[in-house]
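Bear in mind these aren't lab numbers, they're just calculated from the coordinates by the rules spelled out. Predicted model, so just to flag it, every value in this text is computed and none were measured. So basically every Cβ, Gly included, is an ideal-geometry build from the backbone, and we count neighbours across all protein chains shown.
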Amino acid sequence: MSLQEIIKDDFIAYQQQADGNQSFTNIRKQAFHEFERLGFPTTKHEEWKYTSLKSIIEQPFRNSCEINADAVAMAVHSPLMNIDAHHLVFVNGSFIAEASSLKPLAANVIVKNLATARTEHPEQFDAHFGKYAKVEGAAMNALNTALLCDGAFIYVPAKTQIEKPVIIYHITDSTQFQTLSQPRNLIVLEKQASAQVVEVYLSLGANPSFTNVVNEVYADESAQLEHYKIQQQENDAFQNNFTQVFQEANTNINQVTLTLDGNWTRNNLHFYMNGENCNTLLYGLYLTDGHQFVDNHTRVDHAMPNCYSDEKYKGILKDKSTAVFNGKIMVHLDAQKTNAYQRNQNILLSDEATINTKPQLEIFADDVKCTHGATIGQLDKEAMFYLQSRGITEANATKMLLNAFADDIAERIKIPELVAIMEEKIEQKI
Amino acid sequence: MLEIKNLKAEIEGKKILNGINLVVKPGEVHAIMGPNGAGKSTLSAVLAGRDSYEITAGEVSFNGKDLLEMAPEDRAREGVFLAFQYPVEIPGVSTTNFLKTAINEKRKYQGLEPMEATDFLKFMREKIELMEMDKSLTSRSLNEGFSGGEKKRNEVFQMAMLEPTLAIMDETDSGLDIDALRLVSQGVNKLRNAERSFVVITHYQRLLDYIVPDFVHVLYKGRIVKSGDASLAKELEEKGYDWIKAEVEAATV
Ligand SMILES: Nc1ncnc2c1ncn2[C@@H]1O[C@H](COP(=O)(O)OP(=O)(O)OP(=O)(O)O)[C@@H](O)[C@H]1O
Ligand SMILES: [Mg+2]
């Protein structure tokens, strides 16, 4: 049976036990039909040219929301658990209340799992769910929407701040069988609201796993969001991670993606600026070794005038690993006075590592400032010799230079524990 | 302490050092002069362990150990220091953190405990004062955006911090203003002692007015073609290199 057929059976089973919420059931039904129509993307699609799903869809993954105690324990052991924060733990997309812990919240703030929020706060849920991550023409989003398990729902009312970070742990557990896990997060910030959100991706089990995530973020006027994604899945983990951020006027978003592990990762990070004076910073670091594959596709839609976006992705590639960077900036006809910057910088630590980097600027307005650039290089030999000539070992000199390379990404992260994990990983990988 | 015998080195088949012989004893200051392209920086880089050169002959012993066999970091830990002609800018690496790492690696090599953070800062403050360094430089990334003169002064400051037994200074005087030249020379003189030796590469007699050498050597076409005392530098200042070149050509014909 092909993965697509397995998914069809899963969907039929789901329909038989679907609850009474008609609009939600309809959204999922439509999404499933869209997925059926599109099928999995192939390398013939422009957006998937360098990124083949073939090895994934030939495997008999089973869509699962099952919970396993070991996976729960794993989240509890994450060093991030020690942070003074709201912690939400999910295993295979299912919410684990016992492992989660919330601090007191300001009035009307919602930090819950999506399934509970859907019944308890239908107004907020229906107003935003599925409104930003479109399923039309997007097979992987359609698949997630049709068969998603659960995930986090964060809702911050106007003029309110969630003071402590919200940390969302998604653990894909494939101890029993080849698991397809489909988490879904929804973050809504009303006018002048602010929050700090961390998504953590972990995995457990020797069988291959496939995590297909969709995140939707809505930022109403003057809202502010610090948003970090840290991907630490293991050996045989495949992950497709789609995030759509929808920004109204005067919003500030700072987004950092750290891809530290995982066999195969495809990230799609999209921003749509729907009002003036938006500020968007999107930064990322990918560390690859072995046969790892990491693909970052980003898209920033400057739809309105006077917005600013600054993008910087950096890669450190070792062994026979491969990375793809594709950064699209769309400056729409009305988006005069746009400032958009993009850089992708890579250090290749081996001759056998590969990077495909492609900036894509589509500019329809005439009064804009856009720059982009990509670099691919090795560790600076002169700098290495300089450090060594002061008595610093080759390994430590390498570590110092790579940490320095990653420094401007680290600077964007306001949670030191995340930076520590990143630096530890750099040290471990070299 | 340093004994160089018939050292030959080349890069991409181009012969650069053609049989260098030099003995440096503890506490001595040797000046090396010579025209552009003679091989002075190459000699210093080979001693410090830059791996882009191929050593085709000769040996170098440092305190009885085979220097050429050692990794660059081990040479440094054994007490060799090279003040670079062109110090490298390293953005993102703080000068303080770099020095702390370097000092502690050396201590580890010597079987000592790492320096406590407070002791380190105190030690660094002392050296900043001794060298009359601009303190703000140590809080910046290593050499990043430093002026030419600031880079040179930072090299001498690092030397003071790392307390080598053999300091090789490659044109540390070029690019320094008159006051900085005096400060750097005073700094070096403060570091002079009976155990510490210096190899000072320079184009200008002026530096040697401050740092008075025990020996002056002329390097030309990869060989030391003339050696003398401090007066040789004065002679070169007056007459240039033509007479030496002529002597060498006459001898090889
Ligand atoms: N990496 C290299 N590739 C090719 N040639 C080199 C390389 N490094 C040095 N050389 C050559 O070796 C010769 C000696 O260079 P070196 O830098 O040692 O001279 P120097 O005596 O220090 O000169 P200066 O007084 O100008 O600093 C020069 O002809 C130089 O071009
Ligand atoms: Mg030179």
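Quick rundown of the values:
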{"quantity": "Charge dipole (debye, nearest 20) of the stretch A:1-78; +1 at Cβ of Lys and Arg, -1 at Cβ of Asp and Glu", "calculated": "220"}
{"quantity": "Per-residue average of Cβ from other chains inside 10 Å of A:403-409", "calculated": "3"}
{"quantity": "Max mean-square fluctuation residue, GNM over chain A, Cα-Cα springs under 10 Å, options A:M400, A:M81, A:M304", "calculated": "A:M400"}
{"quantity": "Shape of the stretch A:164-288, Cα gyration tensor, a/c cut at 1.5", "calculated": "prolate"}
{"quantity": "Within 10 Å of each Cβ in B:100-106, the average number of Cβ atoms from other chains", "calculated": "4"}
{"quantity": "Furthest towards positive pole of dipole, A:Q196, A:S2, A:M384, structure part chain A, Cβ charges", "calculated": "A:M384"}
{"quantity": "Choice from B:R153, B:R125, B:R206 with maximal GNM fluctuation in chain B (Cα, 10 Å cutoff)", "calculated": "B:R125"}
{"quantity": "Among the listed pairs A:K369/A:K414; B:K15/B:K221; B:K25/B:K245; B:K40/B:K221, those beyond 19 Å (Cα-Cα)", "calculated": "A:K369/A:K414; B:K25/B:K245"}
{"quantity": "Reference-scaled alpha-carbon Rg (2.2 N^0.38 Å with N residues) for the stretch A:384-430", "calculated": "1.24"}
{"quantity": "The stretch A:110-182: C-alpha gyration tensor shape, a/c 1.5 cut-off, then a/b vs b/c", "calculated": "oblate"}
{"quantity": "Per DSSP, loop GluC sites (Glu not before Pro) in the stretch A:90-139 with at most 12 further Cβ within 10 Å", "calculated": "A:E98, A:E136"}
{"quantity": "Positive minus negative residues near A:H372 (Lys, Arg vs Asp, Glu; Cβ under 14 Å)", "calculated": "+3"}
{"quantity": "For chain A: relative contact order, % (alpha-carbon pairs under 8 angstrom, 6 or more apart)", "calculated": "10"}
{"quantity": "For chain B, calculated [θ]222 nm from helices alone, where every DSSP H run of n ≥ 4 adds -39500 (n - 2.57)", "calculated": "-12500 deg cm²/dmol"}
{"quantity": "Straight-distance crosslink candidates among aspartates and glutamates, where the alpha carbon sits under 19 Å from A:K191 and sequence neighbours closer than 8 are dropped", "calculated": "A:E123, A:D126, A:E163, A:E216, A:D220, A:E221, A:E226, A:E248, A:E276"}
{"quantity": "Violating pairs (Cα-Cα greater than 20 angstrom) within the set B:K5/B:K226; A:K318/B:K106; A:K320/A:K429; A:K425/B:K100; A:K54/A:K328", "calculated": "A:K318/B:K106; A:K425/B:K100; A:K54/A:K328"}
{"quantity": "Unit Cα scatterers, Debye sum, chain A: log10 I(q)/I(0) for q = 0.06, 0.07, 0.11, 0.14 Å⁻¹", "calculated": "-0.23, -0.32, -0.83, -1.39"}
{"quantity": "Globularity index of the stretch A:48-125, i.e. its alpha-carbon radius of gyration over 2.2 N^0.38 Å", "calculated": "1.47"}
{"quantity": "Peptide B:74-86 - average C-beta neighbours from other chains (10 Å radius)", "calculated": "3"}
{"quantity": "Charge dipole (debye, nearest 20) of the stretch A:384-430; +1 at Cβ of Lys and Arg, -1 at Cβ of Asp and Glu", "calculated": "60"}
{"quantity": "Where no second cysteine Cβ lies under 4.7 Å, the cysteines concerned in chain A", "calculated": "A:C370"}
{"quantity": "Anisotropy class of the stretch A:53-180 from Cα gyration tensor, a/c 1.5 cut", "calculated": "oblate"}
{"quantity": "Cut-off under 5 Å, modelled amide H: who pairs with B:A83 long-range", "calculated": "B:I168, B:M169, B:D170"}
{"quantity": "Listed residues A:H77, A:H270, A:H372, most fluctuating in chain A (Gaussian network, C-alpha, under 10 Å)", "calculated": "A:H77"}
{"quantity": "The stretch A:362-392-the stretch B:52-69 distance, computed between alpha-carbon centres (Å)", "calculated": "35"}
{"quantity": "Local net charge near B:K65, Cβ-Cβ under 13 Å (Lys/Arg +1, Asp/Glu -1)", "calculated": "-4"}
{"quantity": "Surface/4 estimate of mean projected area, convex hull on alpha-carbon atoms of the stretch B:1-91, nm²", "calculated": "6.7"}
{"quantity": "For A:T179, residues with placed amide H under 5 Å, excluding near neighbours", "calculated": "A:R62, A:F210"}
{"quantity": "Whole-Å semi-axes of the stretch B:2-252's equivalent ellipsoid (Cα gyration tensor)", "calculated": "31, 21, 16"}
{"quantity": "Lysines whose Cα lies under 16 Å from that of A:K381, excluding same-chain neighbours fewer than 8 positions away", "calculated": "A:K399"}
{"quantity": "With 5 Å bins from 0: P(r) over the stretch A:330-397, alpha-carbon pairs, percent", "calculated": "4, 13, 16, 12, 12, 11, 9, 9, 7, 5, 3, 0"}
{"quantity": "Karplus-derived HN-Hα couplings along the stretch A:212-227 (A = 6.51, B = -1.76, C = 1.60, θ = phi - 60°), whole Hz, x at Gly and Pro", "calculated": "10, 9, 10, 10, 10, 10, 10, 10, 6, 3, 6, 6, 9, 9, 9, 10"}
{"quantity": "Reachable aspartates and glutamates, given that their alpha-carbon falls under 17 Å from the alpha-carbon of A:K8 and they are not under 8 places away in the same chain", "calculated": "A:E34, A:E36, A:E58"}
{"quantity": "Percentage relative contact order, the stretch B:2-252, counting C-alpha pairs under 8 Å, at least six apart", "calculated": "28"}
